[in-house]
2 protein chains.
Amino acid sequence: IAIDHEAFSQGQRKFRVAGVAAAGSAQQELPNAQECLEVMTGAITPRGASAVIRYEDLQMSKGYAEIIIDAVPDQLNIHQQGSDRKEGGSIVKAGQMMGAPEIGIAATVGRSDIMVKDIPQVLIISNGDELVSVSDHPQPHQIRSSNVHTIKAALKNGLGIVAETLHLPDDEQVIKNKLAEKLEEFPIIILLGGSSKGKFDFIPKALESLQVQRHFYKIAQRPGKPFWFGTRGDRNHVFALPGNPVSCFMCLVRYVIPWFRSCREDVGRQQFATLSEDFSFVPELTYYLQVEISNQDGKTLAVPRTGHGSGDLANLCAANAFLELPADRDKFLAGEVFPYFKYR
Amino acid sequence: IAIDHEAFSQGQRKFRVAGVAAAGSAQQELPNAQECLEVMTGAITPRGASAVIRYEDLQMSKGYAEIIIDAVPDQLNIHQQGSDRKEGGSIVKAGQMMGAPEIGIAATVGRSDIMVKDIPQVLIISNGDELVSVSDHPQPHQIRSSNVHTIKAALKNGLGIVAETLHLPDDEQVIKNKLAEKLEEFPIIILLGGSSKGKFDFIPKALESLQVQRHFYKIAQRPGKPFWFGTRGDRNHVFALPGNPVSCFMCLVRYVIPWFRSCREDVGRQQFATLSEDFSFVPELTYYLQVEISNQDGKTLAVPRTGHGSGDLANLCAANAFLELPADRDKFLAGEVFPYFKYR
């Protein structure tokens, strides 16, 4: 019930019920200090009312409500206009992802149309004559194409990007022609395989002949060394990832997904975890250790889940992140803290 | 190049190039121990070959390849069949979510069709005569409907569920008739608002009259006390969440989403964070504190981001989780560890 708090202060406890204020009906007025209105959650407070008392704290009988609690502060259970947020204040910053809370906020302030960044058109190109389709039964010298499915799913799950896909044979002329055509259509192309040093690795050469300017080729890391990246003017960004499944996925998780995020101005803070056991890696390369990130007593722990090398994609589901171990050391001790890149 | 390792062991360093083994072509045979084959990444190792040396470690000239490194172990750069995983072993457990790595694994083993759990049909029902649509300009006694958009987005983002929505007025007969009809159509109904003690809160009564058996009504917590849950046989699960935006969202994040996950057998381990500063909450209720979970030096930190009460949905985007503080205490100290429920 809504009452005049002044009456309560002067000792009044029993109020005649003059009516009901339902949620969604126009504002009413408290007739006088001796009477009350039953007022529902969501209703506008009646004019003249300065406290609302819950049914749980009343005895209702024969058209009267009696307050059975001792303390009723002024303005009890009244939500003042402007008490959540002030007019003109900023509640969602530009660049913030439109998650569930932001969509609720947009709804409540009446923003039924919102300008958001467009999701780019992305093409994933697999390459390699050893690849056959998933439903084929491979010969001993063949394997089923899997990277394209992994990368497509990762873009969909992590970024909401529905990428198109294409397979190219190990044929220099076909590769060049198709790339020329697809560079006109797709601002972002992710190539899988065909970028290392083999005789039939035509990708880097083809891209450079099509005026895609190389920014780097090869990273001092394991896995994922033969990673090529280039752009053509403002229009094209081209990532050529290595073909080994673990290398390919690691480069996507470590570089490509963060790049997409930074384009959305959605750069989260780098996450760090504590290594759970000693680990060593001798070559002078940044090592991306497969780990399972878990949370124990408020600590973020990275437990190594080493697989059987960069072809062992089955191991990716035993782990959930890559822990970045720096190149300038070869021993990494339990209890040390390193950055990680989580993919689930 | 692929060579007979035995020849290397006996001191041979220069090999005549007898041909090229491309990825995807049938297995060849090393003609003899004096010759080699150029073999590409992804190609099947030629019969008779027992080590593969990278271009980087060779000098190629006039049809000959000369090895310029000192150590070439037997089987170098040869990936043995069965070395990643053994035939008959299990690589993805039943109940595991089909994320990007699992989809890659399914592809590589030729599982183009996979039996997965169905995504259930979900209906979200908003309720309350004070609610108008997002594009309406509300009167002083009205507010725009927002919960339905928040909850719909949270189900979509967190679980991939595309829920349908419906609005019901505060009319007992309409509510009962519509619920009767929708219970036949939807195995899962999530109601927003109308479940507390007000005169026009018809939801619990209507559900019970339709043989939806109540399992509980009200939880000793803040926010989110008036939460009703019931089932009808095996067919219907009905969640009636409170109408206050923060309460509504908190109940979804704390109870409804974990319930959906448990239906998928996708119950992750409970996560814990360290409270960053002292906090007190006196009533004997479990308190769900809005916090920002962040990661500092391998520690998971929960920084309180208290808003202005359960109507202040704008605060949900300042925080990213609810920290669960137990009911039997009223002081919670910096450095103590509590479970949390993260929503972004």
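Filter the range A:67-95 down to the residues that are on the phi < 0 side of the Ramachandran plot and surrounded by 14 or more Cβ atoms within 10 Å (Cβ to Cβ) and list them by number. Those that are on the phi < 0 side of the Ramachandran plot and surrounded by 14 or more Cβ atoms within 10 Å (Cβ to Cβ): A:67, A:72, A:76, A:78, A:79, A:84, A:85, A:91, A:92. Counting only helices (runs of 4 or more DSSP H) that sit completely within the range B:138-243, those holding 3 or more residues that are polar (S, T, N, Q) correspond to B:147-159. Note on the range A:157-190: among residues that are β-branched (Val, Ile, Thr) and over 22 Å from residue A:119 (Cα atoms), the one that is least open to solvent (accessible area, probe 1.4 Å) is A:175. Of the residues examined, residue A:112 is one that is closer than 30 Å to residue B:253 by Cα, over 16 Å from the mean Cα position of the chain (by Cα), among the hydroxyl-bearing types (Ser, Thr, Tyr) and exposed (fewer than 14 other Cβ atoms within 10 Å of the Cβ).
Looking at A:253, A:291, A:337, A:303, just one residue is over 30 Å from residue B:90 (Cα atoms), modelled with pLDDT of 95 or more, within 13 Å of chain B (Cβ to nearest Cβ) and surrounded by 14 or more Cβ atoms within 10 Å (Cβ to Cβ), and that residue is A:337. The residue of the range B:144-156 that is farthest from the chain's Cα centre (by Cα), among those that are more than 7 Å from chain A (Cβ to nearest Cβ) and open to solvent by 40 Å² or more (accessible area, probe 1.4 Å), is B:152. Of the residues in the range B:2-19, not one is within 11 Å of chain A (Cβ to nearest Cβ), without any contact (Cβ under 8 Å) to a residue 24 or more places away in the chain and either assigned to a loop (DSSP other than H, G, I, E, B) or surrounded by 14 or more Cβ atoms within 10 Å (Cβ to Cβ) (or both).
Of all the criteria given as (1) of a type outside the set (Phe, Trp, Tyr); (2) surrounded by 17 or more Cβ atoms within 10 Å (Cβ to Cβ); (3) within 11 Å of chain B (Cβ to nearest Cβ); (4) within 30 Å of residue B:252 (Cα to Cα), the one not satisfied by residue A:28 is (4). The one condition from (1) at pLDDT 95 or above; (2) in contact with a Ser or Thr (Cβ under 6 Å, 6 or more places away or on another chain); (3) hydrophobic (A, V, I, L, M, F, W, C) that residue B:180 does not meet is (2). Going by the structure shown, is residue B:75 facing chain A (nearest Cβ under 7 Å) and either assigned to a helix (DSSP H, G or I) or modelled with pLDDT of 95 or more (or both)? For residue B:75, the condition - facing chain A (nearest Cβ under 7 Å) and either assigned to a helix (DSSP H, G or I) or modelled with pLDDT of 95 or more (or both) - is not met. Filter the range B:223-250 for residues that are away from chain A (no Cβ under 14 Å) and either among the charged types (D, E, K, R) or closer than 18 Å to residue B:158 by Cα (or both) and give the result. Of everything in the range B:223-250, those that are away from chain A (no Cβ under 14 Å) and either among the charged types (D, E, K, R) or closer than 18 Å to residue B:158 by Cα (or both) turn out to be B:232, B:234, B:235, B:239.
Inclusion of residue B:179 among residues that are touching a helix residue (DSSP H, G or I) at 6+ places or on another chain (Cβ under 8 Å) and more than 8 Å from every other protein chain (Cβ to nearest Cβ) is warranted.
Return the only residue of B:45, B:41 being open to solvent by 70 Å² or more (accessible area, probe 1.4 Å) and within 47 Å of the chain's Cα centre (by Cα).
Exactly one of B:45, B:41 is open to solvent by 70 Å² or more (accessible area, probe 1.4 Å) and within 47 Å of the chain's Cα centre (by Cα), namely B:41.
Considering only residues that are under 25 Å from the mean Cα position of the chain (by Cα) and crowded, with 17+ Cβ neighbours inside 10 Å, look in the range A:256-286 and name the one that is farthest from the other protein chains (Cβ to nearest Cβ).
Ranking the candidates gives A:260 first.
Only one of the listed residues (A:160, A:193) is of a type outside the set (Val, Ile, Thr), within 20 Å of residue B:160 (Cα to Cα) and within 14 Å of another protein chain (Cβ to nearest Cβ). That residue is A:160. It is to be established whether one or more residues within the range B:84-105 are within 7 Å of chain A (Cβ to nearest Cβ), modelled with pLDDT of 95 or more and either assigned to a loop (DSSP other than H, G, I, E, B) or in contact with a Pro (Cβ under 7 Å, 6 or more places away or on another chain) (or both). Yes, there is a match, as at least one residue in the range B:84-105 is within 7 Å of chain A (Cβ to nearest Cβ), modelled with pLDDT of 95 or more and either assigned to a loop (DSSP other than H, G, I, E, B) or in contact with a Pro (Cβ under 7 Å, 6 or more places away or on another chain) (or both).
For the range A:120-137, filtered to residues that are in a loop (DSSP other than H, G, I, E, B) and either in contact (Cβ under 8 Å) with a residue 24 or more places away in the chain or more than 16 Å from residue A:170 (Cα to Cα) (or both), the residue that is most open to solvent (accessible area, probe 1.4 Å) is A:137. Checked against the criterion of being touching a helix residue (DSSP H, G or I) at 6+ places or on another chain (Cβ under 6 Å) and within 26 Å of residue B:109 (Cα to Cα), the candidates A:128, A:194 yield just one match: A:194.
With respect to residue B:323, is the statement that it is at pLDDT 95 or above, surrounded by 20 or more Cβ atoms within 10 Å (Cβ to Cβ), within 30 Å of residue B:144 (Cα to Cα) and within 12 Å of chain A (Cβ to nearest Cβ) true? Spelling it out, residue B:323 is indeed at pLDDT 95 or above, surrounded by 20 or more Cβ atoms within 10 Å (Cβ to Cβ), within 30 Å of residue B:144 (Cα to Cα) and within 12 Å of chain A (Cβ to nearest Cβ).
Within the option set B:230, B:243, B:224, being touching a Pro at 6+ places or on another chain (Cβ under 9 Å), farther than 18 Å from residue B:321 by Cβ and open to solvent by less than 30 Å² (accessible area, probe 1.4 Å) holds for one residue only, B:230. I'd like the full set of residues that are touching a helix residue (DSSP H, G or I) at 6+ places or on another chain (Cβ under 9 Å) and either surrounded by fewer than 16 Cβ atoms within 10 Å (Cβ to Cβ) or closer than 19 Å to residue B:197 by Cβ (or both), limited to the range A:48-62. Residues satisfying the conditions are A:49, A:51, A:53.
The values are calculated or read from the model by the stated rules, or taken from the named source; none is laboratory data. Because the structure is a prediction, the values reported are computed rather than measured. Because the Cβ atoms are built from the backbone with ideal geometry, glycine has one as well, and the counts that use them run over all protein chains shown. Accessible surface areas use protein heavy atoms only, side chains included; no ligands, DNA or RNA. Shrake-Rupley method; radii C 1.70, N 1.55, O 1.52, S 1.80 Å.
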